[in-house]
């Protein structure tokens, strides 16, 4: 069993649930700006789940690269999307504002790890 693929698939299912929840249950509750923020969290979460599925399915990436990218992206999802969800649901942004850019930084580090793996030609 590939635990990284399993985790990505579960988070992918959660992303669909959150997206549907936002589209149907939150439309009447949130302001337009709050709903846009929530949608941004869901969108970035799904982008990174799709990349995780690819990275962990592709035999050209070694296990270390797969794990590092997975950990960066999972932490990025937790901090970036998670902080947006928390703020949307009423957590005071002044207490967790730093988590969103930290999540963005973790996404960037994951992408850079992928870029360096291509530069090193470890995949081909």
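The values are calculated or read from the model by the stated rules, or taken from the named source; none is laboratory data. Not measured: the values here are computed from a predicted model. Neighbour counts run over all protein chains shown; Cβ positions are idealised from the backbone, glycine included.
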Fill in the blank from the handout: From the option list 53, 46, single residue qualifying as under 21 Å from residue 6 (Cβ atoms), surrounded by fewer than 20 Cβ atoms within 10 Å (Cβ to Cβ), in contact (Cβ under 8 Å) with a residue 40 or more places away in the chain and in contact with a helix residue (DSSP H, G or I) (Cβ under 6 Å, 6 or more places away or on another chain) is 53
Handout entry: Only listed residue being over 16 Å from residue 34 (Cα atoms), surrounded by fewer than 16 Cβ atoms within 10 Å (Cβ to Cβ) and at pLDDT below 95, chosen from 71, 124
Key = 124
Problem - Selected residue [out of contact with any helix residue (DSSP H, G or I) (no Cβ under 7 Å at 6 or more places or on another chain) and either crowded, with 18+ Cβ neighbours inside 10 Å or at positive phi (or both)] from 76, 90, 110 - result: 90
Problem - The one condition in (1) touching a helix residue (DSSP H, G or I) at 6+ places or on another chain (Cβ under 7 Å); (2) over 13 Å from residue 88 (Cβ atoms) that residue 18 fails to fulfil - result: (2)
